[in-house]
Amino acid sequence: MDETQLALLALLVGVIIGGSVSVVIVVALRARDRMRMQTSTEIPGGVRDVLHGLDDAAVVVDASSTVLVASAAAVPFHLGEGDVLPSDELRLIARRVRDHEATGPQSTATTTLRLRRGAPPAEPRLVVVRATRLSARLTLLVLRDITERERVEQMRRDFVANTSHELKTPVGAVSLLAEAIESAADDPDQVRNFAGRLSAEAARLAQLTSRIMNLSRLQAADELNDERDVAVDEVVTSAIEAHAIQAGSSGVELVRGGERGLFVRGDAQILSEAVGNLMANAIAYSPSGSSVGIGVKAVGEIVEIAVTDRGIGIAEADQERVFERFYRADQARSRRTGGTGLGLAIVKHAIQRHGGEVRLWSRPGRGSTFTIRLPLVEPPADQPRPTRARKKKKPKAAASAPSTNGAPV
């Protein structure tokens, strides 16, 4: 083999070795990049800007379920940057998508769950969560709040059911009484009797229609029409004045106690109607000579307005259902008092629209307490600081914060 052939052979061997080394280096670099991508928690370019521009709540979380980037809408759900996912369901779907490599890096999953937005007693919101795997350590969660959509759909179903089920009874009664009056035209006493019953059924029909419309309005409104800082004193005073005649005719005393000068955020008229419905219930189901207590106090960042009676009470089996539309724990007594079965449903929806909740304590034969809980706000600068009212000897029931109605309106 001459020198030329040796040189060519050496060159060929060098090219092969050099190419092999280059391939090894490229493979090593790519493996390093893949490993870095798999273990890195660095946010991909543009993701942060996209999240900050979203109207929906969206976050990127790492393998420890810590939020690395969050949109502004995610903060009320306690999903700010640096927070840990507050829900076991959220952590589960993020882990399931992140660990699922079979479908590739863009694997996704969707679930529907309830998350609390804001501080208690705000009601949980119904959200659809879509999880997308960005890398082995990063997961994108997008939360779409569908509470309003579901509420409007439920309102539509309820309105149809309510009107078809409940209105047919008084409408049928009015029709029958009209026929009875026509048949008894020659008997003045019977005519007067039927006319009185017809008037009562017409009044019941008007009240029922009004309450159904009020309930539908509360469910349908996206926002409160007249939202402002409302004095709880104003709400309680308005409700007491509106039901003073009813209390007097029933021989029931309205007694007020608790703190003064507290404020909440909301619509004063709706809140007054809600408290008034609880008072009306308490008066209707309280014996003559008893008292109905209205107590107000601040518990941390919450204002509690409790309406307490010493009436018949509510059985434990009925307590979970008294806020349902048209549910009456005592059917016979409801007929005598003219209740529609909508009063507590209206209270529940009115308070939920204000970010609050209604709690019930009751024992048969001992009475009931309905407690409205609303977020406390700072009083306006020109208003005095809250003060605690002096306790009176007689109205013990007013100061106790847990109790109001024997049965629903």
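The values are calculated or read from the model by the stated rules, or taken from the named source; none is laboratory data. Keep in mind the model is a prediction, meaning the values are calculated, not measured. Neighbour counts run over all protein chains shown; Cβ positions are idealised from the backbone, glycine included.
The table below lists the values:
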quantity	calculated
Restricting region 295-316 to residues that are of a type in the set (Asp, Glu) and surrounded by fewer than 20 Cβ atoms within 10 Å (Cβ to Cβ), the residue that is nearest to ILE283 (Cα to Cα)	GLU316
Any pair with Cβ under 7 angstrom, 6 or more apart, that starts in region 294-313 at a residue that is over 17 Å from GLU253 (Cα atoms) and ends at one that is among the basic types (Lys, Arg) and not in a strand (DSSP E or B)	GLY313/ARG366
Filtered residues of region 268-294 (kept if buried (at least 17 other Cβ atoms within 10 Å of the Cβ), over 11 Å from VAL232 (Cα atoms), in contact with an Asp or Glu (Cβ under 9 Å, 6 or more places away or on another chain) and not hydrophobic (A, V, I, L, M, F, W, C))	ASN281, TYR285, SER286, SER290, SER291, GLY293
Some residue of region 121-144 being modelled with pLDDT of 80 or more, under 19 Å from the mean Cα position of the chain (by Cα), farther than 17 Å from ALA58 by Cα and not in a loop (DSSP other than H, G, I, E, B)	yes
Residue in region 233-250 that is of a type outside the set (Phe, Trp, Tyr), assigned to a strand (DSSP E or B) and either within 30 Å of ALA119 (Cα to Cα) or at pLDDT below 90 (or both) present	no
